[in-house]
Amino acid sequence: MNAPDRQSAKSSTTLIASTMAAVHERIAARTLTPGSRLPSIREFAQCLGVSKSTVVEAYERLRADGVIQSRPGAGYYVSAPLAPLSLSRTEPCRDRDIDPLWITRQSLDAAHDTLKPGCGWMPPSWMPEASLRRALRKVARSTGNALADYAPAQGLAPLRELLSHRLANISINTAAADILLTESGTQAIDLMCRCLLENGDTVLVDDPCYFNFHALLKAHGAHVISVPYTATGPDISLFENALKTHRPRLYITNSGVHNPTGATLSTDTALRVVKLAEQYDLRIVEDDIFTDFEQSPAVRLAALDGLQRVCLIGSFSKTISASIRCGFIAAPASWVEELLDLKIATSFGSGNLAAHITLAILKDGAYRKHVESLRQRLSDQRIRVAQRLATMNILPWLTPQAGLYLWCQLPNGIDAAAVARKALADHVVLAPGNAFSLSHDFSDFMRFNVTQTHDETVYQVLEAAMSDTPQNEKAQ
């Protein structure tokens with residue numbers, strides 16, 4: 001083969017490879033999903049500026065690789081499974097570093113005899129099972145489209161109307177038209193990241209903060225910075241300095257009941273945060289999934305801001321059921337259209353059945369009694385757990401006014417991650433502090449879920465693990 005022929009062959013091979021790469025990129029970006037029809041050979045050739053024969057060869061090679069399949073007379077379709085959004089394997093490897101996903105994966109995949117004081121949810125026995133059964137029967141008897149049809153793009157209208165009224169109770173005045181239903185609070189945060197961020201944008205979080213914020217932001221390619229969280233909210237002087245220095249695009253936080261600390265945002269701090277957000281053109285996602293745990297609602301950033309640059313998200317997995325996945329976003333009106341398009345593009349719609357069940361439970365008079373009872377039960381349990389931990393010299397950073405969690409410091413600078421590894425061998429999942437911290441300044445802290453810390457075995461395993469932690473595994 002002479003030089004021109006070799007050059008031509010090389011060019012052809014490069015074009016075929018780039019065409020194949022274009023298909024792989026569309027699959028990875030979820031533009032093409034399993035079962036989706038690929039563009040016709042002519043369309044794709046025109047789109048990429050290559051010959052039809054190049055597209056034919058690329059499609060045939062992809063078909064041989066099992067990525068796509070051909071259907072006679074109908075074209076080519078995606079057959080490959082989607083690659084996972086995160087970077088790790090799917091199984092919860094116990095030997096991996098204790099990162100933001102470690103606790104959740106150990107808790108979700110735990111054996112039936114595993115105790116989970118480090119998980120983020122309540123045991124099934126704390127949930128309103130009778131109300132769930134009534135709602136399921138009611139929805140099953142309904143003659144509408146709840147059982148088998150898609151929901152409207154924005155979500156079930158009566159539930160959005162009810163959520164609008166509930167938000168008014170915490171001084172957030174928004175129309176149902178500015179509320180979107182999602183499949184969970186996590187999906188709501190994911191949609192907000194997709195809406196507001198581009199790869200490499202800077203995002204501000206609290207230190208410590210809910211560990212899944214770190215994981216989600218990593219998946220979106222964000223540059224994450226943090227500011228210390230105090231008993232009344234973010235350290236406001238360091239918060240302002242971070243805005244001046246780094247100009248973050250977004251701030252993600254809890255306000256009513258902070259995770260993991262249990263702290264409550266003060267009015268003074270909230271006013272300063274909202275004023276600084278306006279001054280530095282900062283958007284805020286306010287994660288408010290614990291609102292029903294509060295005896296008296298704390299101030300909300302969304303209320304002070306009037307939903308201008310703050311969106312509020314919520315869900316009911318903590319108070320109704322972790323199996324009934326239903327969340328929502330209350331957003332500035334100017335964001336709603338883009339959020340709707342992103343929601344359809346990434347999940348097509350929210351769960352219609354879950355929305356009907358959630359609506360039935362929220363309208364059931366028993367739900368109000370359930371949350372009132374739950375608040376008292378949580379208060380009693382926080383006291384009991386704090387007292388029992390104190391016998392081991394494990395002390396809470398503060399006494400929360402509401403919620404599931406106690407944010408505690410271990411004695412003598414013991415490394416919480418080392419303790420968590422040892423406890424896991426005895427079927428107890430703990431939540432070490434640095435999983436919640438970007439700065440890794442909380443190596444001797446742990447978050448305890450008081451609803452999951454009732455069994456005496458937890459304390460026995462915890463004490464043994466601390467006693468068995470060698471000096472060289474303790475935080476320096």
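The values are calculated or read from the model by the stated rules, or taken from the named source; none is laboratory data. Owing to the predicted nature of the structure, the values given are computational and were not obtained by experimental measurement. A quick note on method: Cβ atoms are made from the backbone with ideal geometry, for glycine too, and the neighbour counts reach across all protein chains shown. Calculation scope for accessible area: heavy atoms of the full protein, side chains included, ligands and nucleic acids excluded. Shrake-Rupley method; radii C 1.70, N 1.55, O 1.52, S 1.80 Å.
Kindly establish whether VAL203 is more than 26 Å from THR319 (Cα to Cα), under 16 Å from the mean Cα position of the chain (by Cα) and among the β-branched types (Val, Ile, Thr). Outline the logic, then answer.
Details: more than 26 Å from THR319 (Cα to Cα): yes; under 16 Å from the mean Cα position of the chain (by Cα): yes; among the β-branched types (Val, Ile, Thr): yes.
Yes, satisfied.
Yes or no, residue by residue, for (1) at negative phi; (2) in contact with a Phe, Trp or Tyr (Cβ under 6 Å, 6 or more places away or on another chain); (3) at pLDDT 95 or above:
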| residue | (1), (2), (3) |
| --- | --- |
| ALA435 | yes, yes, no |
| PHE442 | yes, no, yes |
| PHE448 | yes, no, yes |
| GLN452 | yes, no, yes |
| VAL458 | yes, no, yes |
| LEU462 | yes, no, yes |
| SER467 | yes, no, no |
| PRO470 | yes, no, no |
| LYS474 | yes, no, no |
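Could you check region 343-356 and list, in sequence order, the residues that are more than 16 Å from the chain's Cα centre (by Cα) and open to solvent by 40 Å² or more (accessible area, probe 1.4 Å)? Lay out the reasoning, then the answer.
We begin by selecting, within region 343-356, every residue more than 16 Å from the chain's Cα centre (by Cα); these are 344-345, 348-349, 351-356.
Of everything in region 343-356, those that are more than 16 Å from the chain's Cα centre (by Cα) and open to solvent by 40 Å² or more (accessible area, probe 1.4 Å) turn out to be ILE344, ALA345, PHE348, LEU353, HIS356.
Examine region 380-390 for a residue that is open to solvent by less than 20 Å² (accessible area, probe 1.4 Å), of a type outside the set (A, V, I, L, M) and touching a helix residue (DSSP H, G or I) at 6+ places or on another chain (Cβ under 6 Å), and state whether such a residue exists. Outline the logic, then answer.
Looking only at region 380-390, we keep the residues that are open to solvent by less than 20 Å² (accessible area, probe 1.4 Å), and these are 381, 385, 389.
Right, trim to of a type outside the set (A, V, I, L, M) and you get 381.
Imposing the further condition that a residue be touching a helix residue (DSSP H, G or I) at 6+ places or on another chain (Cβ under 6 Å) reduces the set to 381.
Yes, that holds for at least one residue.
CYS209 is checked against (1) open to solvent by less than 10 Å² (accessible area, probe 1.4 Å); (2) over 19 Å from the mean Cα position of the chain (by Cα); (3) not charged (D, E, K, R) and fails just one. What number does that condition carry?
(2)
Sort through LEU424, LEU438, LEU404 and tell me the only one that's in contact with a His (Cβ under 9 Å, 6 or more places away or on another chain) and in contact (Cβ under 8 Å) with a residue 40 or more places away in the chain. Full working, then the answer.
Working: LEU424 fails: in contact with a His (Cβ under 9 Å, 6 or more places away or on another chain); LEU404 fails: in contact with a His (Cβ under 9 Å, 6 or more places away or on another chain).
Going through LEU424, LEU438, LEU404 in turn, just one is in contact with a His (Cβ under 9 Å, 6 or more places away or on another chain) and in contact (Cβ under 8 Å) with a residue 40 or more places away in the chain: LEU438.
GLU337 is checked against (1) modelled with pLDDT under 95; (2) in contact with a strand residue (DSSP E or B) (Cβ under 8 Å, 6 or more places away or on another chain); (3) not in a loop (DSSP other than H, G, I, E, B) and fails just one. What number does that condition carry?
If we test GLU337 against (1) modelled with pLDDT under 95; (2) in contact with a strand residue (DSSP E or B) (Cβ under 8 Å, 6 or more places away or on another chain); (3) not in a loop (DSSP other than H, G, I, E, B), just (2) comes out false.
Could you check region 36-47 and list, in sequence order, the residues that are open to solvent by 60 Å² or more (accessible area, probe 1.4 Å) and of a type in the set (A, V, I, L, M, F, W, C)?
Within region 36-47, just CYS47 meets the criteria.
Checking the condition within 14 Å of GLY314 (Cβ to Cβ) and modelled with pLDDT of 95 or more, which residue from ASN259, ASN254 passes? Don't jump to the end; show me each part of the working.
Numbers: ASN254 fails: modelled with pLDDT of 95 or more.
Residue meeting the stated conditions: ASN259.
Out of ALA146, ALA177, ALA153, ALA130, report the one residue that is part of a loop (DSSP other than H, G, I, E, B), among the hydrophobic types (A, V, I, L, M, F, W, C), touching a residue at least 60 places away in the same chain (Cβ under 8 Å) and open to solvent by 30 Å² or more (accessible area, probe 1.4 Å). First the steps, then the outcome.
Values: ALA146 fails: open to solvent by 30 Å² or more (accessible area, probe 1.4 Å); ALA177 fails: part of a loop (DSSP other than H, G, I, E, B); ALA130 fails: part of a loop (DSSP other than H, G, I, E, B).
Being part of a loop (DSSP other than H, G, I, E, B), among the hydrophobic types (A, V, I, L, M, F, W, C), touching a residue at least 60 places away in the same chain (Cβ under 8 Å) and open to solvent by 30 Å² or more (accessible area, probe 1.4 Å) holds for just one of ALA146, ALA177, ALA153, ALA130, which is ALA153.
Is it true that THR54 is among the polar types (S, T, N, Q), buried (at least 18 other Cβ atoms within 10 Å of the Cβ) and modelled with pLDDT of 90 or more?
Values: among the polar types (S, T, N, Q): yes; buried (at least 18 other Cβ atoms within 10 Å of the Cβ): yes; modelled with pLDDT of 90 or more: yes.
Considered against the rule, which asks whether it is among the polar types (S, T, N, Q), buried (at least 18 other Cβ atoms within 10 Å of the Cβ) and modelled with pLDDT of 90 or more, THR54 comes out as yes.
Residue-wise test of (1) outside any loop (DSSP other than H, G, I, E, B); (2) crowded, with 22+ Cβ neighbours inside 10 Å; (3) among the small types (Gly, Ala, Ser).
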{"position": "ASN393", "(1), (2), (3)": "no, no, no"}
{"position": "ALA435", "(1), (2), (3)": "yes, yes, yes"}
{"position": "SER439", "(1), (2), (3)": "no, no, yes"}
{"position": "ALA464", "(1), (2), (3)": "yes, no, yes"}
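Step by step: first the residues of region 22-35, then only those that are open to solvent by 30 Å² or more (accessible area, probe 1.4 Å) and among the small types (Gly, Ala, Ser), then the one that is farthest from GLN69 (Cα to Cα). Which residue is that?
Residues of region 22-35 open to solvent by 30 Å² or more (accessible area, probe 1.4 Å): 24-26, 28-31, 33-35.
After this cut, where a residue has to be among the small types (Gly, Ala, Ser) as well, the list is 28-29, 35.
Details: ALA28: 17, ALA29: 19, GLY35: 9 Å.
Per the stated criteria, the residue is ALA29.
Here's a check for you: in region 61-76, which residue that is in a strand (DSSP E or B) and open to solvent by 30 Å² or more (accessible area, probe 1.4 Å) is farthest from ALA17 (Cα to Cα)? It would help to see each step written out before you state the result.
Here is the first cut: in region 61-76, the ones in a strand (DSSP E or B) are 68-71, 75-76.
Then keep just the ones that are open to solvent by 30 Å² or more (accessible area, probe 1.4 Å); that gives 69-71, 76.
Details: GLN69: 18, SER70: 19, ARG71: 23, TYR76: 18 Å.
By that ranking, first place goes to ARG71.
Among the residues of region 405-426, are any surrounded by 18 or more Cβ atoms within 10 Å (Cβ to Cβ), at pLDDT 95 or above and aromatic (Phe, Trp, Tyr)?
Yes, region 405-426 contains a residue that is surrounded by 18 or more Cβ atoms within 10 Å (Cβ to Cβ), at pLDDT 95 or above and aromatic (Phe, Trp, Tyr).
If you go through region 443-457, how many residues are open to solvent by 40 Å² or more (accessible area, probe 1.4 Å) and either touching a residue at least 24 places away in the same chain (Cβ under 8 Å) or among the basic types (Lys, Arg) (or both)? Steps first, please.
Applying the first criterion (open to solvent by 40 Å² or more (accessible area, probe 1.4 Å)) to region 443-457 yields 454-457.
Remaining after also requiring either touching a residue at least 24 places away in the same chain (Cβ under 8 Å) or among the basic types (Lys, Arg) (or both): 454-455, 457.
Residues that pass the stated criteria total 3.
Quick one: how many residues across region 183-203 are more than 24 Å from ALA333 (Cβ to Cβ) and buried (at least 22 other Cβ atoms within 10 Å of the Cβ)?
0
When the residues of region 242-273 are filtered to those that are among the hydrophobic types (A, V, I, L, M, F, W, C) and more than 26 Å from GLY200 (Cβ to Cβ), which remaining residue is most open to solvent (accessible area, probe 1.4 Å)? Let's see the steps before the verdict.
Residues of region 242-273 that are among the hydrophobic types (A, V, I, L, M, F, W, C), as a first pass: 242-243, 250, 252, 257, 263, 265, 270-271, 273.
Among the residues that remain, those that are also more than 26 Å from GLY200 (Cβ to Cβ) are: 257, 263, 265, 270-271.
On the way: VAL257: 13, ALA263: 2, LEU265: 11, ALA270: 0, LEU271: 88 Å².
Checking each candidate, the answer is LEU271.
Can you pull out the strands (runs of 3 or more DSSP E) entirely within region 219-305 that have at least 3 residues that are more than 23 Å from ALA331 (Cβ to Cβ)? Give the steps one after another, and end with the answer.
Values: elements: 223-230, 250-254, 283-287.
Ranges flagged: 223-230.
Within the set of pairs 6 or more residues apart or between chains, which connect a residue that is farther than 19 Å from ASN259 by Cα inside region 185-206 to a residue that is assigned to a strand (DSSP E or B) and open to solvent by 10 Å² or more (accessible area, probe 1.4 Å) with Cβ atoms less than 7 Å apart?
Here the result reads LEU196/ARG283; GLY200/HIS223; ASP201/HIS223; THR202/HIS223; THR202/ILE225, each pair linking region 185-206 to a residue that is assigned to a strand (DSSP E or B) and open to solvent by 10 Å² or more (accessible area, probe 1.4 Å).
Just give me the residues in region 395-404 being touching a helix residue (DSSP H, G or I) at 6+ places or on another chain (Cβ under 8 Å), of a type in the set (A, V, I, L, M) and open to solvent by less than 50 Å² (accessible area, probe 1.4 Å), in sequence order.
The first filter runs over region 395-404 and keeps only residues touching a helix residue (DSSP H, G or I) at 6+ places or on another chain (Cβ under 8 Å), leaving 395-396, 399-400, 402-404.
After this cut, where a residue has to be of a type in the set (A, V, I, L, M) as well, the list is 395, 402, 404.
Once the filter is applied, which keeps residues that are touching a helix residue (DSSP H, G or I) at 6+ places or on another chain (Cβ under 8 Å), of a type in the set (A, V, I, L, M) and open to solvent by less than 50 Å² (accessible area, probe 1.4 Å), region 395-404 yields ALA402, LEU404.
Do you know which of the residues in region 281-306 that are within 17 Å of LEU196 (Cβ to Cβ) and either modelled with pLDDT under 95 or not hydrophobic (A, V, I, L, M, F, W, C) (or both) is surrounded by the most Cβ atoms within 10 Å (Cβ to Cβ)?
In the first step, residues of region 281-306 are kept if they are within 17 Å of LEU196 (Cβ to Cβ); the result is 281-287, 301-302, 305.
Right, trim to either modelled with pLDDT under 95 or not hydrophobic (A, V, I, L, M, F, W, C) (or both) and you get 281, 283, 286-287, 305.
Working: ASP281: 11, ARG283: 21, GLU286: 24, ASP287: 26, ASP305: 22.
Checked region 281-306; the qualifying residue surrounded by the most Cβ atoms within 10 Å (Cβ to Cβ) is ASP287.
If you go through region 29-41 one residue at a time, do you hit one that is part of a helix (DSSP H, G or I) and modelled with pLDDT of 90 or more? Lay out the reasoning, then the answer.
At the first step, the residues of region 29-41 found to be part of a helix (DSSP H, G or I) are 41.
Now drop any that are not modelled with pLDDT of 90 or more, which leaves 41.
Yes.
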